[in-house]
Amino acid sequence: MEITKDIRYIGVNDRKIDLFEGQFMVENGMAYNSYAIIDEKIAVFDTVDKNFGGEWLKNLENALDGRQPDYLIVSHMEPDHSANIANFAKKYENAKVVASEKAFVMMKQFFGTDFADRKIAVKEGDTLSLGKHTLTFYTAPMVHWPEVIVTYDSLDKVLFSADAFGKFGTTDTDEDWACEARRYYFGIVGKYGAQANALLKKAGNLDIKTICPLHGPVLSENLDYYLNLYKTWTSYGVETDGVVICYTSVYGGTKAAAELLAEELEKGGCPKVAVNDLARCDMAEAVEDAFRYGKVVLATTTYNAEIFPFMRTFIDELKERNFQNKTVGIIENGTWAPMAEKVIKSEFEKSKNIAFAENSVHIRSVMTDENKEEIKALAKELL
Ligand code: FEO
């Protein structure tokens with residue numbers, strides 16, 4: 001596939017994968033993107049997952065049209081992109097390997113060699129001429145590994161963005177970009193908002209016409225849409241006006257309260273209300289919702305003098321991604337010694353800019369009329 005006259009897509013689609021990175025459900029598979037710039041010199045950007053080495057090398061061979069590659073540029077050492085570096089190096093003995101110094105340390109760990117006789121270690125702002133195309137390298141530490149670099153091709157105005165702007169799903173999946181890009185971003189990169197934001201600032205100084213990420217589609221139209229979403233995500237801003245209610249329920253009492261709150265919010269004109277049953281939904285969907293909306297309601301039972309396990313996991317997932325800048329409402333349930341509200345509040349003690357709604361809901365087994373009034377008050381406050 002041609003991206004520009006000189007740039008080819010040589011990546012692969014993985015339709016067999018069950019869990020991406022060992023944890024994320026990917027119903028529509030995954031793409032491991034790779035690119036080649038065909039100029040006086042030929043540069044290849046990244047390899048692919050270990051299961052697709054043969055297919056990828058074939059794609060590369062087709063793009064080379066009988067020529068030999070001069071450079072393998074390694075943006076990121078996570079094995080979904082780096083697994084075939086040694087295979088490439090063996091096949092193309094004269095090609096140089098271009099990466100950050102930290103990436104070479106990782107190559108030694110993964111492959112037992114750092115390709116010392118053919119390595120080109122690059123730093124921020126270093127350039128490499130391929131002939132007509134000049135590549136400039138920028139470091140992107142902790143987006144989402146420390147060794148990451150991105151590359152800008154000033155001739156075709158293309159940014160090779162590593163995992164940034166990536167998305168779950170194969171490249172031929174016809175689905176909303178934002179939904180699966182958001183789940184990918186918050187699931188995988190979310191903890192490193194500050195670092196991803198710093199990368200966006202660097203990108204802001206470049207004239208970009210096309211973004212070539214390591215996952216998902218090549219982005220070439222309406223780039224402001226993608227850049228603005230990334231600005232919101234990386235700064236933990238509010239993307240969508242609305243409320244997400246995340247609940248756990250053992251016998252349905254807490255679920256009924258969560259549903260009543262959703263009803264009250266909708267009745268009151270809340271632009272969007274999302275409800276997630278944490279025991280049954282894809283946790284990564286609930287996580288992306290929590291970051292997407294400005295207001296999050298947590299409804300849970302007290303359990304073992306603590307909170308219900310799925311809520312505990314959910315809060316851990318939020319905290320480890322630097323959850324911040326939100327209003328949090330609480331619905332607690334407890335038949336005896338209720339603890340949920342206290343535990344939830346203490347969980348977010350160290351989080352930045354979390355405001356708790358004044359109107360909490362305190363259920364003692366099943367909803368009473370008084371609880372219904374509490375729910376109405378909470379809805380009103382959130383509205
Ligand atoms: Fe797509 Fe961080 O590897």
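Values in this text are rule-based calculations from the coordinates and carry no lab data. On a predicted model such as this, the values are computed, not experimentally measured, just so you know. Reconstructed Cβ throughout: ideal geometry from the backbone, glycine too, with neighbour counts over all protein chains shown.
Rounding to the nearest 20 debye, state how big the charge dipole of the range 7-234 is about its Cα centre with +1 on each Lys and Arg Cβ and -1 on each Asp and Glu Cβ. Walk me through the intermediate numbers first.
On the way: 25 positive and 32 negative charges, 104 e Å.
Dipole size: approximately 500 debye.
Can you give the calculated 222 nm mean residue ellipticity of the chain, where each DSSP H run of n ≥ 4 adds -39,500 (n - 2.57) and the sum is split over every residue, rounded to the nearest 500 deg cm²/dmol?
Numbers: 12 runs with 125 residues, N = 383.
Dividing the helical sum by the residues of the chain leaves -9500 deg cm²/dmol.
Taking the alpha-carbon distance from LYS272 and a cut-off under 26 Å, which lysines remain once sequence neighbours fewer than 8 residues away in the same chain are dropped?
Within the straight-line cut-off, LYS272 pairs with LYS167, LYS191, LYS231, LYS255, LYS295, LYS319, LYS326, LYS345, LYS352, LYS372, LYS376, LYS380.
Tell me, what ³J(HN,Hα) does each residue in the range 319-331 have, in order and in whole Hz, if you take phi through Karplus 6.51 cos²θ - 1.76 cosθ + 1.60 with θ = phi - 60° and put x for Gly and Pro?
5, 6, 9, 6, 3, 6, 6, 10, 9, 10, x, 10, 10
Determine, from the Cβ-Cβ distance of LEU223 and MET1 and an R0 of 25 Å, the FRET efficiency 1/(1 + (r/R0)^6), rounded to the nearest 0.05. Spell out each step's value before the answer.
Details: r = 19 Å, r/R0 = 0.77.
Result of the calculation: an efficiency of 0.85.
What residues have an amide H closer than 5 Å to that of VAL361, excluding those fewer than 5 places away on the same chain, when H is modeled at 1.01 Å from N in the peptide plane?
Sorted by chain and number, the residues that satisfy this are ILE330, ILE331, GLU332.
Can you give me the angle between helix 253-267 and the longest principal axis of the chain, using Cα atoms only, in degrees from 0 to 90, rounded to the nearest 10?
The answer is roughly 80 degrees.
For the chain, what log10 I(q)/I(0) values come out of the Debye formula at q = 0.07, 0.08, 0.09, 0.11 1/Å, with one point per alpha carbon and no solvent?
Treating every Cα as an identical point scatterer, log10 I(q)/I(0) equals -0.38, -0.48, -0.58, -0.79.
To the nearest Å, what is the center-to-center distance of the range 282-308 and the range 32-69, using C-alpha atoms only?
Result: 43 Å between the Cα centres.
Using a Cα-Cα cut-off of under 16 Å, which lysines could be cross-linked to LYS157, ignoring same-chain neighbours fewer than 8 residues away?
Straight-distance partners of LYS157: LYS5, LYS132, LYS202, LYS209.
Compute the long axis of helix 283-292 from its Cα atoms, compare it with the longest principal axis of the Cα atoms of the chain, and write down the angle in degrees, 0 to 90, nearest 10.
Helix 283-292 sits roughly 80 degrees off the main axis of the chain.
So which trypsin sites (Lys or Arg not before Pro) in the range 109-194 pass both tests, a DSSP loop state and at most 15 other Cβ atoms within 10 Å of the Cβ? Each step should come with its number before you reach the end.
Details: sites: ARG118, LYS119, LYS123, LYS132, LYS157, LYS167, ARG182, ARG183, LYS191; in loops: LYS123, LYS132, LYS157, LYS167.
For trypsin sites (Lys or Arg not before Pro) across the range 109-194 that sit outside H, G, I, E and B with at most 15 neighbouring Cβ atoms in 10 Å, the list reads LYS123, LYS132, LYS157.
Could you work out how far the C-alpha centroid of the range 129-149 sits from that of the range 356-383, in angstrom?
So the two Cα centres are separated by 51 Å.
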